[in-house]
């Protein structure tokens with residue numbers, strides 16, 4: 001089985017910015033988690049967000065999804081400030097919610113219908129239905145979410161995120177629980193969307209193979225800041241290193257900070 | 001999907017969940033609804049309910065003040081919960097306004113409807129007259145409206161409901177146990193029992209014994225009845241907790257080689273000890289007033305309850321073990 005390598009986007013051909021995060025500070029009560037994060041994602045770009053456990057990756061994604069109000073800083077999605085133009089910003093956003101937060105008493109189809117209706121869609125998009133088919137999820141659409149396995153819930157969360165042609169797709173550990181075949185389907189689907197300039201992807205992950213083979217850029221979140229970034233050229237160079245190129249580079253960056 | 005549902009995904013999601021619960025878990029849903037109807041019916045036909053509602057109808061100003069206080073606190077609490085739920089829900093990232101106000105208002109209207117329905121039932125069985133029912137209903141509705149507005153502002157001022165989660169916080173031990181044992185497991189059902197009998201759950205339960213007391217009972221008797229009811233409720237909560245925790249703990253420990261006897265013992269001994277202590281103290285206090293009845297009626301009842309509680313905990317633990325295959329090999333017992 002061959003794996004298609006990314007059509008890496010350089011800074012020259014990168015499209016318009018779909019996400020701009022500036023000096024973001026956020027936390028919970030007295031605990032400061034994010035301490036001045038700066039981040040950009042462009043259309044046609046896949047940015048992988050790396051970082052050790054409890055480094056604030058999910059907190060950052062929750063801020064971008066409007067689920068957590070930052071204490072300072074700004075977030076804009078497709079030029080719409082999340083704080084002042086929340087609805088316009090969220091219209092451009094596809095966020096993969098945590099699988100465990102999906103409602104047990106609804107069916108997968110009902111979840112998709114609610115999301116589609118809330119996004120103002122007349123029908124569920126053909127490519128999302130095709131992805132559901134490739135996931136072997138179509139047969140489970142009428143089962144209760146409460147009866148789904150972790151992987152099946154993850155598939156539903158991803159399908160919800162991709163509904164309505166979002167310009168910015170934000171996913172948190174989206175490959176957790178997915179079987180290898182479904183994970184490959186998802187990687188290729190996301191890559192094709194990115195390559196077709198349909199969206200930008202921000203993926204928080206620990207899966208370094210995804211970063212090496214599919215991402216255009218990678219950023220390391222450490223101590224509440226972006227401590228290190230890898231450009232597409234650097235990632236390509238690490239790919240060329242036999243063995244554990246990115247793994248070693250990541251460990252070195254963590255140790256250095 | 002109708003347009004209003006599409007515009008309010010939180011409401012449509014809840015509506016669909018209720019519809020699904022009715023469609024696919026009909027027996028359980030109908031049973032729950034029937035239990036609520038029976039509970040409201042029982043409260044309505046209790047002898048003191050009519051006179052109390054009648055008095056509240058005559059003294060509508062008192063009713064209004066009580067309603068304002070109650071609905072103000074309820075609104076503040078509901079607003080905080082709804083805000084947290086809105087921010088963390090699976091629908092949080094959608095481009096739709098989540099109306100916390102509407103959600104809170106629906107909850108308040110639902111509660112008001114239950115109170116008015118209860119009063120209507122009491123009026124229907126002839127325990128109060130029409131004018132008392134009307135005055136009571138209007139005073140409560142007006143109080144609910146004022147309470148809704150007041151509670152909304154109260155939350156904004158930061159005097160809202162207490163914390164979102166109820167949890168018992170313990171100081172961590174300085175050192176690890178040198179010989180690990182199952183004894184910490186005994187804390188689980190005890191802690192779960194305390195969660196079940198927390199003030200928020202105990203307060204509505206107190207309503208029944210208080211309503212069942214004859215009008216004009218002395219204050220010290222009312223206090224004694226309230227205290228005894230709370231103690232008995234905590235004992236009952238411990239029994240329920242032991243049964244529930246048995247299944248959770250067995251599932252958690254299923255991959256280990258803990259024996260069934262050891263598991264059952266660890267799960268039940270602290271619960272039983274606490275129940276015995278509470279019931280003994282209660283009996284001792286009762287003997288100071290009603291010695292004969294405490295010994296002839298109270299003591300056998302307490303012993304009987306303890307036997308039933310122990311049997312329930314053991315049976316639950318054994319069923320839980322069997323279900324997940326815990327201790328099937330007999331090793332580690």
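The values are calculated or read from the model by the stated rules, or taken from the named source; none is laboratory data. Please read all numbers here as calculations on a predicted model, not as lab measurements. Virtual Cβ from ideal backbone geometry, glycine too; neighbours counted across all protein chains shown.
So that you can scan it fast, the table gives a plain yes or no per residue for (1) part of a helix (DSSP H, G or I); (2) in contact (Cβ under 8 Å) with a residue 60 or more places away in the chain:
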{"residue": "B:228", "(1), (2)": "yes, no"}
{"residue": "B:257", "(1), (2)": "no, yes"}
{"residue": "B:302", "(1), (2)": "yes, no"}
{"residue": "B:311", "(1), (2)": "yes, no"}
{"residue": "B:316", "(1), (2)": "yes, yes"}
{"residue": "B:320", "(1), (2)": "yes, yes"}
- List every residue pair whose Cβ atoms sit under 7 Å apart, with the two residues 6 or more apart in sequence or on different chains, where the first one lies in region A:134-145 and is modelled with pLDDT under 95 and the second, anywhere, is surrounded by fewer than 14 Cβ atoms within 10 Å (Cβ to Cβ). A:144/A:104; A:145/A:104
- Are any residues in region B:14-27 in contact with a helix residue (DSSP H, G or I) (Cβ under 8 Å, 6 or more places away or on another chain) and more than 9 Å from chain A (Cβ to nearest Cβ), and if so, which ones? B:15, B:22
- Are any of the residues in region A:37-52 in contact with a strand residue (DSSP E or B) (Cβ under 7 Å, 6 or more places away or on another chain), within 13 Å of another protein chain (Cβ to nearest Cβ) and not in a loop (DSSP other than H, G, I, E, B)? no
- Query: Can you tell me which residues in region A:166-185 are within 14 Å of the chain's Cα centre (by Cα) and either on the phi > 0 side of the Ramachandran plot or in a strand (DSSP E or B) (or both)?
  - Reply: A:168, A:169, A:170, A:171, A:172, A:173
- Task: Scan region B:81-94 for residues that are in contact (Cβ under 8 Å) with a residue 60 or more places away in the chain and either away from every other protein chain (no Cβ under 11 Å) or touching a strand residue (DSSP E or B) at 6+ places or on another chain (Cβ under 8 Å) (or both) and jot them down.
- Result: B:81
- Query: Of all residues in region A:101-129, which are under 20 Å from the mean Cα position of the chain (by Cα) and either in a helix (DSSP H, G or I) or in contact (Cβ under 8 Å) with a residue 60 or more places away in the chain (or both)?
  - Reply: A:101, A:111, A:112, A:115, A:116, A:127, A:128, A:129
- Query: If a residue has to be modelled with pLDDT under 80, outside any helix (DSSP H, G or I) and more than 27 Å from residue A:44 (Cβ to Cβ) to count, how many in region A:206-257 make the cut?
  - Reply: 4
- Flag for residue B:66 being crowded, with 17+ Cβ neighbours inside 10 Å and in contact with a helix residue (DSSP H, G or I) (Cβ under 8 Å, 6 or more places away or on another chain): no
- Conditions: (1) at pLDDT 85 or above; (2) surrounded by fewer than 16 Cβ atoms within 10 Å (Cβ to Cβ). Residue B:25 meets all but one. Number of the miss? (1)
- Message: All but one of (1) without any contact (Cβ under 8 Å) to a residue 40 or more places away in the chain; (2) farther than 25 Å from residue B:198 by Cβ; (3) surrounded by fewer than 17 Cβ atoms within 10 Å (Cβ to Cβ) hold for residue B:222; state the number of the condition that does not hold.
- Response: (2)
- Residue count for region A:77-87, restricted to those that are surrounded by fewer than 20 Cβ atoms within 10 Å (Cβ to Cβ), more than 11 Å from chain B (Cβ to nearest Cβ) and either under 17 Å from the mean Cα position of the chain (by Cα) or assigned to a strand (DSSP E or B) (or both): 1
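Only one of these is away from chain A (no Cβ under 14 Å) and at pLDDT below 90: B:135, B:97, B:78, B:110. Name it.
B:78
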- Message: Go through region A:107-121 and report how many residues are more than 9 Å from chain B (Cβ to nearest Cβ) and touching a strand residue (DSSP E or B) at 6+ places or on another chain (Cβ under 9 Å).
- Response: 1
